[in-house]
1. With Lys157, Lys89, Lys179 as the choices, which residue is open to solvent by 80 Å² or more (accessible area, probe 1.4 Å) and outside any loop (DSSP other than H, G, I, E, B)?
2. Quick one: is Val84 part of a loop (DSSP other than H, G, I, E, B), open to solvent by 20 Å² or more (accessible area, probe 1.4 Å), at pLDDT 90 or above and not polar (S, T, N, Q)?
3. Counting only residues that are open to solvent by 40 Å² or more (accessible area, probe 1.4 Å) and at pLDDT below 75, how many does segment 48-71 have?
4. Does segment 162-171 hold any residues that are over 17 Å from Lys31 (Cβ atoms) and open to solvent by less than 100 Å² (accessible area, probe 1.4 Å), and which are they?
5. Answer yes if at least one residue in segment 138-159 is modelled with pLDDT under 95 and among the aliphatic types (A, V, I, L, M), and no otherwise.
6. Pairs please, first residue from segment 10-37 and under 28 Å from Ile172 (Cα atoms) and part of a loop (DSSP other than H, G, I, E, B), second anywhere and small (Gly, Ala, Ser) and open to solvent by less than 30 Å² (accessible area, probe 1.4 Å), Cβ atoms under 8 Å, 6+ apart in sequence or on different chains.
7. Are there any pairs with C-beta distances below 6 angstrom linking a residue in segment 120-138 that is among the hydrophobic types (A, V, I, L, M, F, W, C) to a residue that is modelled with pLDDT of 95 or more and open to solvent by 40 Å² or more (accessible area, probe 1.4 Å), with the two at least 6 apart or on different chains, and if so which?
Amino acid sequence: MVIKNVALETVCGVTSVLPANTKMEVAFAGKSNVGKSSLINALMNRKSLARTSAQPGKTQTINFYNINDAMYLVDLPGYGYAKVSQSEKEKWGKLIERYLQKSQMLKAVFLLIDIRHDPSANDKMMYDWIVYNGYDPIIIATKLDKIKRSQLQKQVKAIKTGLNMKSDGIVIPFSAETKQGREEIWNLIDSWMEPEQQSDKE
């Protein structure tokens, strides 16, 4: 996709009404320090549209980015950040659940996992939760530039095993530094958009 314009259109907190969008949405979930903001900025070819922070846990809202007035990229709150109270975590959990269950336009959920480590208990819980809500998560294995090329297959296998993924489950290794994996993510999104655009024309 050639990105002509991007706008942060809607920000939803725990008490917000979710927008009734009429264009396709793809959502991104991941724990607080997994590099979600860096990924979103890389996908949108922007340096600081999604705020990256040295302090994890900054995304406490669901952020809807309108891309080319053709689709929405949806940034979900980061999970697993220790310094947030349990009640706050539960509120974010309910917010994400409400979105996964209520959105009429959500096509797919990408789940970000740090390629250097086996999936954490929180990662496994999030994966199972997304599946429970009716989606087949696509894994983006972030921080690819932090491992040796020779370790890649071993780490991808560890992610698949750790999440108990199906054999045909998709894992896309990604680096915000080199942008490796960016095209693969967009190719997937574009393939979902084509049928949508066809049906719009009919």
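The values are calculated or read from the model by the stated rules, or taken from the named source; none is laboratory data. What you are looking at is a predicted structure, and each value in this text was computed from that prediction instead of being measured. Glycine gets a Cβ as well: all are built from the backbone with ideal geometry, and neighbour counts include every protein chain shown. All accessible areas refer to the heavy atoms of the entire protein, side chains included, with ligands and DNA or RNA removed. Shrake-Rupley method; radii C 1.70, N 1.55, O 1.52, S 1.80 Å.
1. Working: Lys89 fails: open to solvent by 80 Å² or more (accessible area, probe 1.4 Å); Lys179 fails: outside any loop (DSSP other than H, G, I, E, B).
Unique residue meeting the criteria: Lys157.
2. no
3. Here the count works out to 8.
4. Just the residues of segment 162-171 that are over 17 Å from Lys31 (Cβ atoms), to begin with: 164-170.
Selection gives Met165, Gly169, Ile170.
5. So far as segment 138-159 goes, no, none of its residues is modelled with pLDDT under 95 and among the aliphatic types (A, V, I, L, M).
6. Asn21/Ser103; Ser32/Gly57; Ser32/Gly78; Asn33/Gly78; Val34/Gly78
7. What qualifies is Ile138/Ile170.
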